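The values are calculated or read from the model by the stated rules, or taken from the named source; none is laboratory data. Only a predicted model underlies this, so the values are computations on that prediction, with no experimental measurement involved. Positions of Cβ are backbone-derived with ideal geometry, glycine not excepted, and every protein chain shown enters the neighbour counts.
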């Protein structure tokens, strides 16, 4: 737009300059001719003037040139006017002694003429005029030429600008695609923007340096995580082993208190190990380090398995567990083991926060290129103050402190859904139940 506006401004200035120059040339020609006629009339009289007017009319064209002599009494003694000039010529003001200029329409077609009148020594007037029709025709050609030139320039500017923007955005799009790949776990991706301009090349260099540092930090974090896992798992395993070894003599010696204490130690070791493993898996998933074992998974089959697994627990608690599937098979590409655990966490949460007489519904259906999985319960629900924190690790509301768990279930579920390129959303009303909605892409 700015380029087109500047081009229009330049062309407008050039057009008005050309128009003024042409009009100035006509004005100068008329003024010289009028003075020449005046001098000739003074020396040769009316006949000499008439002869010269005829020659000028022949030179300029009979349809373009007009001239006449007006006496002091206002009578036209001689006139040479083109036939196409249908309107009468303007009369000079005899009370004025200086040169007089006129620009008038000469016919009903709107043709214009420029005239000049100069006084003679006998108080008469010599009037000379020239049609501006040719002048207007030339200006139309100039406008037409300028218009096409402006169109070509603007079109070329648009094409050039489009090419430049596309070339620039190609580099930006490469940055975007690289960022997406990195966010999906391809930490070895780097930018190559040679030929995209110095600024983008420098941006790519800075971006690659940042990626190298991030990859190095993630590698260090992975090493630290592995070391932590090893350092924690080993003593926990030793404690568990010692407890198991001590439990056998305690049972054999019929020492119920020692056996019970050792059994508690074993259970707590197992619980602590499970927490450590879940924490490490969430961390690896969120950082993009974890690699999914992707294969074709039937979500409908996973829901059937979940129902079979939790149905005895639900019956014992007096909770109605139902399964609703539109079609028997809902296939996606994913990690079956982790999806099983994600679904199990959601169902386990629903059972924990439901009471006798409540209902839990597992449902799934396909919509476009996604599988929508929904776990709905009519349990205690989630309060408004707890909703912003439900996906935080180890977060447990005051009302859930008396239920078993470690506050990692929803965090784990969110990380697994995110690793599969999906989304998880929760709607809940305290005292009326909760709905967990998971969307997973089919490919």
Out of the range 428-437, which residues are assigned to a strand (DSSP E or B) and over 31 Å from the mean Cα position of the chain (by Cα)?
428, 429, 433, 434, 435, 436
Given (1) over 20 Å from residue 426 (Cβ atoms); (2) modelled with pLDDT of 90 or more; (3) under 36 Å from the mean Cα position of the chain (by Cα), residue 336 misses just (3)
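Being closer than 19 Å to residue 330 by Cβ and surrounded by fewer than 20 Cβ atoms within 10 Å (Cβ to Cβ) is the filter here, so list the residues in the range 423-439 that pass it.
423, 425, 435, 437, 439
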For residue 383, the lone unmet condition from (1) in a helix (DSSP H, G or I); (2) surrounded by fewer than 21 Cβ atoms within 10 Å (Cβ to Cβ); (3) under 40 Å from the mean Cα position of the chain (by Cα) is (1)
Any hit, the range 290-300, residues being assigned to a helix (DSSP H, G or I), within 30 Å of residue 182 (Cβ to Cβ) and touching a helix residue (DSSP H, G or I) at 6+ places or on another chain (Cβ under 6 Å)
no
Of all residues being exposed (fewer than 12 other Cβ atoms within 10 Å of the Cβ) and over 45 Å from the mean Cα position of the chain (by Cα) in the range 289-321, which is nearest to residue 346 (Cα to Cα)? Just the residue, please.
308
Mind checking which residues of the range 39-55 are surrounded by fewer than 19 Cβ atoms within 10 Å (Cβ to Cβ) and touching a helix residue (DSSP H, G or I) at 6+ places or on another chain (Cβ under 9 Å)?
40, 44, 48, 51, 52
Any idea how many residues of the range 357-372 are part of a loop (DSSP other than H, G, I, E, B) and at pLDDT below 90?
2
